[in-house]
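Contents: one structure, followed by commentary.
Throughout, read-outs are computed from the coordinates displayed, never taken from laboratory work. None of the values given here were measured: they were computed from a predicted structure. Cβ placement follows ideal geometry from the backbone for every residue including glycine, while neighbour counts extend to all protein chains displayed.
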Amino acid sequence: MATTEALPHDATAEDHDHGDHPAFLAHHFDTPEQQFDSGKLGIWLFLVTEVMMFSGLFCAYAIYRAMRPEVFVGSSVFLNTQLGAVNTGVLLFSSLTMAWAVRCAQLEQHRMLVGMLGATLGCASLFLGVKSIEYSHKMDLGLLPAGFYSYDPHAVHHHEGLSPFLIWMAAPFAIATIGLLVWYVIAKVRKNAFQSLVAGPLLAAGLSFFAGVGLGMLLESGESTEGVEHVSESAEESLAEIGPLVGEEEGIHRQDPVEPTGVEPIDAADAENEPAVARATGVVGQLAQQETNSGVRQQLLAEERQAEMASGRITTSAEDVTGPVGELVQAIDTPRLGGVFFSIYYCITGLHAFHILVGMGFLTWLIVRAARREFESNYFGPVDYVGLYWHIVDLIWIYVFPLLYLIR
Amino acid sequence: MATSATHAGYAADNYLNHSRGLASWLFTLDHKRIGVMYLIGILTSFLVGGLLAMAIRAHLMAPDGALPLTNDQYNQVFTLHGAIMVFLFIIPSVPAALGNFLVPVMLGAKDVAFPRMNLGSFYLWCFGALFLVGALLSSGLDTGWTFYTPYSTTTDTSVVLATFGAFVLGFSSIFTGLNFIVTINTMRPPGMTWFRMPLFLWATYATSIIQVLATPVLGITLLLLIAERTMHIGIFDPEYNGDPVTYQHFFWFYSHPAVYIMILPGFGIISELISVHSHKGIFGYRFIAYSSIAIALLGFLVWGHHMFTSGMSNLTTIVFSALTFSVSIPSAIKVFNWLATMYKGSISLTTPMCYALSFLFLFTIGGLTGLFLGTLNTDLHLHDTYFIVSHFHYVMMGGTVVAFVGGLFHWWPKMFGRMYNEFWGRISAAIVFIGFNLTFFPQFILGSRGMPRRYATYDVEFQGLHQMSSIGAFLLGFGLLVAGLTLLHALFKGKLAPSNPWGGATLEWHCSSPPPHYNFAHAPVVGDPYEFDHIDYDRSIDGYVFTSPPREVLPKTPQAEPATAKDSHS
Ligand SMILES: [Cu+2]
């Protein structure tokens, strides 16, 4: 932990720098307490940045949920609550083993520490295994972000064999697990205690990914024979139920000064006409009444057109609407609305899964250091910091799970 | 080293020559060297951004464009000018370059709390800069530095490269801020309470709070924008039912506080400069300290003032307008306190002081013109005109950059142990001041007459004012060139600097110029950072010495309270 510059300190620095400076204490700190407190404050601040980052996504979730509640209700039916619940349990359990690991580090129980870190790593891996089933299942159905969304409720076909998406996601883990197995066997054969202490937990973690895949398949297939149809039917139903309401709700959810009283499909004549201008109330409306104020009139018309288009219910053909915005009409189709939900789903869970992966990297680093017995009762900061990071990743999932899976 | 106060103060063994070779710089964990590397990086960016600005102004000499640039190329030039100046230069300028050098020294510490993270954030900066340059070299960027959707999701230019660069630069900024918060919290020396910290540290602390809280939101916004371009996630892109105004909300939630990331450290520099060069304790220490924090927190509530014309509800715009005015209170508190500090002080018109004075003038104009933009009805007229261009250049360039250059002149002897030529320093300050006003004052008039920003061509009636502005810009560029050459000349030919050339009382003036590798051989005794009674000019070294005996040696038995702790701030 000392400076990388392997140069001798000058004489004056020498006499107060060393003496009782333990190896783990960085050169610029005076006491182990100062070092620990700095690290602790640092990791808490880092967690604040994580919370801010995810809160951007939660904000996007809230905005689009408020704007299109029917889409969220209809689409969240596709998420498998069982898999989500299993993953919630797995992460909660991993938080327990992580907290236990911190305690082990404080009590200098080195083997136990490696075991607890390994258990946490295994849980992380299990989580990702289940997640890969969830992802690949949805990708197979075409439940993708808005740009690639291709789900067709009338053409749900059952895939035989493994999904190509699953193969892509599992391949890195398969390679890593095989590598770890080889390493573990070699370490055992050579009777290298340190290497087998490290390779053992890592191998177990690699295998638990496939345990997660198996568990996910089991739960998903229990539903898939009749389940997929059931799910898609109920999704269609809920879309159909809420669909007619959309028009009326539109006026409430848009906060334009236009205050549209209801959404009627615009036709070519309307686009040039005054209804938006006439309906507009308040100061803006009065301004728009004046012939000379073309800017406000244009703005109101544009806002109304935007409101129409964003609802995805345009019935006119592209030729009827002029201007660059109009050319986009063809691309808008009602099923695409579901894409917004899945965009947010993939963004939130994807960023969360990325954090799990980073956490797995940290845990591996800790396992190596723990096997070297580097942690002791007055130096366990890194375990503590990674533990805090792990808890925030867990905590974020605790919010993600109800918001995406449970709230209907 | 311990006797630095009695001889000229130039340390033979200092951080610059403590170890040699390129690797000793590239892998250094020394905050001072990292600060110097940052300085080189951001000054290079400033040069590139400045040359682009010269190209913009040269092009605008004639109504149809004086340079052989197509309108598309013009769009790319002003976009890169903005992106480079904001992300590569101003945001890291004071915190990462000067702050890295000064924060630990002002704290009497050996280093920042996380030296490796500090080096890492420098390399993140380099990495981010590479991506921005990559965008420049591949197919350019023409969205404006704000990357507004839907244009940024439809243009053919390399938005993904540039936004990824900005994303990486954001993390560099986060780690710098995080490092400073922890350093200031945990590494203050015994005796330095919160209200005995130099105001530069308060300003840095407030800046760091914003960096840590706001920048992650920019990070996620840019990630979503990248996802929008590559996967069409339909969050910002109206083509896929997204909402472009949501992008603006997300973007300005970061980018308005980012304005304070840029200006707050400038405030910190000015607090030091005004007090030291007036040789008078700062007036209203606590008000200046608290107002930094107030600005940092209020800055999170006003982002909507960038979107008055974007289609928010009337109520929202009124609320944002009212909140925006509230920020002017702490800003004005600072200006009044600086003026009161100078009152009856013995002002030395040194180069740093000349820059500080022009800061006061320019920032005040910049701040006051902001009121016109925060007012709803005038903003509808002035939005997206040259008025806003001029306003934020008065704040960013006239404020932050002038403060930064002033700070460079102030701490240059400390950083490199050499004095510069005072005469040319003052000349540069005068040219910058005149050139700046000539460039940007006409732009207020242009804007109020309806000249829109970002246009490559304009009506003939605007030509006179545009030409004035362009000539001013060349003068401004020349002034900065003079400043740069003066500083460069000092590096090679300047006479050796005393450890305290200006008579400052903060801790950095207690160590030699340049500081030794570990800053202080012994922990310095902390006194009032703005107490100038015991600092006397010594003609033989052309610098100042500390005459108060209790400050020179550390008492053998630590006292419960330092000898000077009874001096209270007003
Ligand atoms: Cu703003």
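Using θ = phi - 60° and the Karplus curve 6.51 cos²θ - 1.76 cosθ + 1.60, what whole-Hz ³J(HN,Hα) does each residue of the range A:200-209 get, with Gly and Pro shown as x?
With the stated coefficients, the range A:200-209 comes to x, x, 5, 4, 4, 5, x, 5, 5, 4 Hz.
Of the listed peptides B:206-212, B:319-325, B:139-145, B:358-364, what is their order by residue-averaged count of other C-beta atoms within 10 Å, with the highest listed first? The partial results should precede the final answer.
Working: B:206-212: 27.0, B:319-325: 17.4, B:139-145: 19.7, B:358-364: 21.6.
Taking the mean over residues of other Cβ atoms within 10 Å, the ranking is B:206-212, B:358-364, B:139-145, B:319-325.
Pull up all non-local amide H partners of B:R418: gap of 5 or more, or a different chain, and H-to-H distance under 5 Å with H placed in the peptide plane.
Excluding prolines and chain starts, which carry no amide H, the hits are B:A497.
Name the residues whose placed amide hydrogens come within less than 5 Å of the amide hydrogen of A:S163, ignoring near sequence neighbours (fewer than 5 apart) on the same chain.
none
If I model chain B as equal point scatterers sitting on the Cα atoms and use the Debye formula, what is log10 I(q)/I(0) at q = 0.11 Å⁻¹?
-1.00
Using a 10 Å cut-off on Cβ atoms, rank the peptides B:253-263, A:391-401 from the highest mean neighbour count down.
Working: B:253-263: 24.6, A:391-401: 19.2.
Put in order of decreasing packing, that is B:253-263, A:391-401.
Indicate the helices, whole DSSP H runs only, in chain B that combine a mean Kyte-Doolittle hydropathy of 0.5 or more with a Cα extent along their long axis of 27 angstrom or more. Spell out each step's value before the answer.
Numbers: long enough: B:31-59 (41 Å, 1.16); B:115-138 (34 Å, 1.20); B:159-186 (40 Å, 1.67); B:199-231 (47 Å, 1.48); B:244-278 (50 Å, 0.76); B:314-342 (43 Å, 1.17); B:351-374 (34 Å, 1.55); B:422-448 (39 Å, 1.08); B:463-493 (44 Å, 1.19).
Taking the DSSP H segments of chain B (at least 27 Å long, mean hydropathy at least 0.5), we get B:31-59, B:115-138, B:159-186, B:199-231, B:244-278, B:314-342, B:351-374, B:422-448, B:463-493.
At a 10 angstrom cut-off on C-beta neighbours, averaged per residue, how do the peptides A:59-70, A:184-195 rank from highest to lowest?
Details: A:59-70: 18.4, A:184-195: 13.1.
Going by the mean number of other Cβ atoms within 10 Å, highest first, we get A:59-70, A:184-195.
What net charge do the residues around B:G543 carry, taking every other residue with its C-beta under 15 Å from that of B:G543, with Lys and Arg at +1 and Asp and Glu at -1?
Numbers: positive: B:K414, B:R418, B:K495, B:R539; negative: B:E422, B:E508, B:D536, B:D538, B:D542.
Once all neighbours under 15 Å are counted, the net charge is -1.
Take peptide A:133-146, look around each residue's Cβ out to 10 angstrom, count Cβ atoms belonging to other protein chains, and average those counts. Walk me through the numbers on the way to the answer.
Details: counts 0, 0, 0, 0, 0, 0, 0, 0, 0, 0, 0, 3, 9, 11.
Average neighbour count from other chains, rounded to a whole number: 2.
Using only the Cα atoms of the range A:74-191, build the gyration tensor, take square roots of its eigenvalues as a ≥ b ≥ c, and label the shape rounded, prolate or oblate: rounded if a/c is under 1.5, else prolate if a/b is larger than b/c, else oblate.
Values: a/c = 4.11, a/b = 1.79, b/c = 2.30.
It is oblate, given that a/c is not under 1.5 and a/b is not larger than b/c.
Taking R0 as 25 Å, what FRET efficiency do you get between B:F474 and B:F423 from their Cβ-Cβ distance, rounded to the nearest 0.05? Don't skip to the end; give the middle numbers.
Numbers: r = 22 Å, r/R0 = 0.90.
Between B:F474 and B:F423 the formula returns 0.65.
In peptide A:25-34, what is the residue-averaged number of other protein chain Cβ atoms found within 10 Å of each Cβ?
Working: counts 0, 7, 5, 15, 6, 6, 0, 0, 1, 3.
Across A:25-34, the average partner-chain Cβ count within 10 Å equals 4.
So who's got an amide H within less than 5 Å of the one on B:G543, skipping anything under 5 residues away but keeping other chains? H placed 1.01 Å off N, in plane.
Amide H neighbours of B:G543, under 5 Å, 5+ apart: B:D538.
Given axes a ≥ b ≥ c from the Cα gyration tensor, I'd like to know whether the range B:390-443 is rounded (a/c under 1.5), prolate (a/b larger than b/c) or oblate. Present the calculation step by step, with values, prior to reporting the outcome.
Values: a/c = 5.92, a/b = 1.89, b/c = 3.13.
Oblate is the answer for the range B:390-443, as a/c is 1.5 or above yet b/c matches or exceeds a/b.
Could you tell me the calculated FRET efficiency between A:L96 and B:L339, based on Cβ-Cβ distance and R0 = 60 angstrom, to the nearest 0.05?
Values: r = 60 Å, r/R0 = 1.00.
The formula returns an efficiency of 0.50 here.
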